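Worksheet: the structure to be examined is printed underneath.
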Amino acid sequence: MTAPSDKPPNDQDKQGQSLWGGRFSDKPDALMQAINVSIGVDRKLAAQDLAGSRAHARMLIDQGVIGAEDGELILRGLDAIEGEMAAGEFPFRDEFEDIHMNIEARLSELIGPASGRLHTARSRNDQVAVDFRLWVREACDHTLAQLHALQQALLAKAEAHADAIMPGFTHLQPAQPVTFGHHLMAYVEMFGRDASRFTDARIRMNESPLGAAALAGSPFPIDRHATAKALGFDRPTANSLDSVSARDFALEALSAASICATHLSRMAEEIVIWSTPQFGFIRLSDAFTTGSSIMPQKRNPDAAELVRAKTGRIFGALTSLTLVMKGLPLAYSKDMQEDKPPTFEAFEALDLGLAAMTGMVADMTPDTARMAAAAGAGFSTATDLADWLVRTLNVPFRQAHHITGAAVKRAEALGVDLPGLPLSELQALEPGITDGVYAVLTPAASVASRSSYGGAAPDQVRAQIKRWKDLLA
Ligand code: ARG
């Protein structure tokens, strides 16, 4: 390649502009720097930026775009920077705007003019696109591992309590008895779908934008397939404009995160309700509760409440990035620098939420006696009475529903539950009723009878637990 004539501008007045300030005479206003600077946020992309730079440098060497000697210098300089970062000694500087220019400026200090060759056939536009994709991809992988751990915790609890009768609710009113295991398995299904959404998003995002350069591609003989492969991407992106403009990979990950957060918030809400003295279905461990500074008796489910609340930040991030991207012309616009704060914040919140939920699930102790007692309350086997009338006396369901409603009304008036209603009372409503009916009116009988595929019967629950154990193994 040509002999080095590079003299990196290092004009004191123009510090920070030194990487792009060739056509500028004055330094930027302090406000310009304040609104422009992103290093405080994008320093989180340091590892990804180094990985992208290494892949790019190696490819440039292999393609003969830069000489082996300069290439070696660059790679060793990047190693040194990585060492400085690991030691907490890397000088992150506002005047160099962002992570890309901070690293390039430091490389220049460490290895001199050869550093100026690294940015050949590259722009910060494809650089940030590849860094951010790598970061979001890692966030998806991390989330998938966390969802797996949460599902395992739920499965263990569900298996231990596959037979523990508890009330099932609709409208938060007692509806039909289920089991604690069945209830927990509902969340295993939800978090399983969340995992499949992250998996799908990962597949779509796993294309490398590196080499799209500023927006139009590069005149140098670069090998985009090689850099894609080196960075673990399935292939390079196929349109250079799209490569530097696309942020839907982050939107998609944030959408999956938002749906996952709603699932976490629903479970958190149930934990809050279950752990009230009024319900008393579960006891949370000391590890996931806090006391009150004034009321000595309190044990507050703060972790669950905060998991419930994190949903706001995560949805906020999705809304924020959607509105940043809306109406942006192709290709890169600086607006897109605002993609990172909400995304980082959302995944930090999701990480905490998933971890705290996994801890709470593993530590919670159900009060199965209390759950069982509650399962019989509120005429929860009324549907079983109606179903018995249909099956045994061939009464049309609508009429059976009516008769049962009258039985509930009568029981309420007498202050008894359905199994406590005398046979004569039932026969007054439907003369064909025999004392065989009482066998279906207990919560245990009700649950055992719900043996349709996916139903609450313990055998069904155990079959689903086994299916999930195999799936997650
Ligand atoms: N800090 C920028 C960002 O996060 C990097 C890309 C800058 N590109 C540019 N043409 N100014 O988006």
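The values are calculated or read from the model by the stated rules, or taken from the named source; none is laboratory data. No experiment lies behind these values; they were computed from the predicted model shown. Ideal geometry is used to build each Cβ from the backbone, glycine not excepted, and the neighbour counts take in all protein chains shown. Please note that ligands, DNA and RNA were not included when accessible areas were found on the heavy atoms of the full protein model with its side chains. Shrake-Rupley method; radii C 1.70, N 1.55, O 1.52, S 1.80 Å.
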Would you mention how many residues in the range 218-239 are open to solvent by less than 70 Å² (accessible area, probe 1.4 Å), free of Cβ contacts under 8 Å to residues at least 40 places away in the same chain and either within 16 Å of the ligand (Cβ to nearest atom) or charged (D, E, K, R) (or both)?
1
Residues of the range 441-464 that turn out to be among the aliphatic types (A, V, I, L, M) and either crowded, with 21+ Cβ neighbours inside 10 Å or in contact with a Lys or Arg (Cβ under 6 Å, 6 or more places away or on another chain) (or both), as a count
5
For residue 72: the one exception among (1) assigned to a helix (DSSP H, G or I); (2) open to solvent by less than 10 Å² (accessible area, probe 1.4 Å)
(2)
Let me spell it out: the conditions are (1) of a type in the set (S, T, N, Q); (2) within 16 Å of the ligand (Cβ to nearest atom); (3) open to solvent by less than 20 Å² (accessible area, probe 1.4 Å), and residue 33 meets all of them except one. Which number is the exception?
(3)
Which listed residue, of 410, 398, is without any contact (Cβ under 8 Å) to a residue 60 or more places away in the chain, farther than 30 Å from residue 163 by Cβ, crowded, with 17+ Cβ neighbours inside 10 Å and of a type in the set (Lys, Arg)
410
Conditions first: (1) surrounded by 19 or more Cβ atoms within 10 Å (Cβ to Cβ); (2) closer than 25 Å to residue 287 by Cβ; (3) of a type in the set (Ser, Thr, Tyr). Residue 380 passes all but one, so which condition is the exception?
(2)
Of the candidates 382, 456, 411, 400, the one satisfying the condition of being over 17 Å from residue 183 (Cα atoms), small (Gly, Ala, Ser) and in contact with a Ser or Thr (Cβ under 8 Å, 6 or more places away or on another chain) is 382
Answer residue from the range 126-181, given it is aromatic (Phe, Trp, Tyr) and touching a Lys or Arg at 6+ places or on another chain (Cβ under 9 Å) and is nearest to the ligand (Cβ to nearest atom) among those:
132
Could you list, in sequence order, the residues of the range 321-357 that are within 13 Å of the ligand (Cβ to nearest atom), open to solvent by 20 Å² or more (accessible area, probe 1.4 Å) and not in a loop (DSSP other than H, G, I, E, B)?
324, 325, 334, 335, 337, 338, 341
In the range 358-370, how many are of a type in the set (Val, Ile, Thr), open to solvent by 20 Å² or more (accessible area, probe 1.4 Å) and in a helix (DSSP H, G or I)?
2
Options 324, 272, 244; residue that is out of contact with any Gly (no Cβ under 7 Å at 6 or more places or on another chain) and within 19 Å of residue 154 (Cα to Cα):
272
Within the range 107-125, the residues that are away from the ligand (no atom under 16 Å from the Cβ) and not small (Gly, Ala, Ser) are 107, 109, 110, 111, 113, 117, 120
Determine, yes or no, whether residue 169 is free of Cβ contacts under 8 Å to residues at least 12 places away in the same chain and aromatic (Phe, Trp, Tyr).
yes
State which residue pairs qualify: first residue of a type in the set (Asp, Glu) and assigned to a helix (DSSP H, G or I) and inside the range 108-126, second residue open to solvent by 20 Å² or more (accessible area, probe 1.4 Å) and within 16 Å of the ligand (Cβ to nearest atom) in any location, beta carbons under 8 Å apart, and separation of 6 or more residues or different chains.
126/214
Under 8 Å by Cβ, and 6 or more places apart or on different chains, what pairs join a residue from the range 261-279 that is over 28 Å from residue 318 (Cα atoms) with one that is open to solvent by 20 Å² or more (accessible area, probe 1.4 Å) and small (Gly, Ala, Ser)?
279/374
On the given criteria, is residue 249 under 19 Å from the mean Cα position of the chain (by Cα), within 16 Å of the ligand (Cβ to nearest atom) and not in a strand (DSSP E or B)?
yes
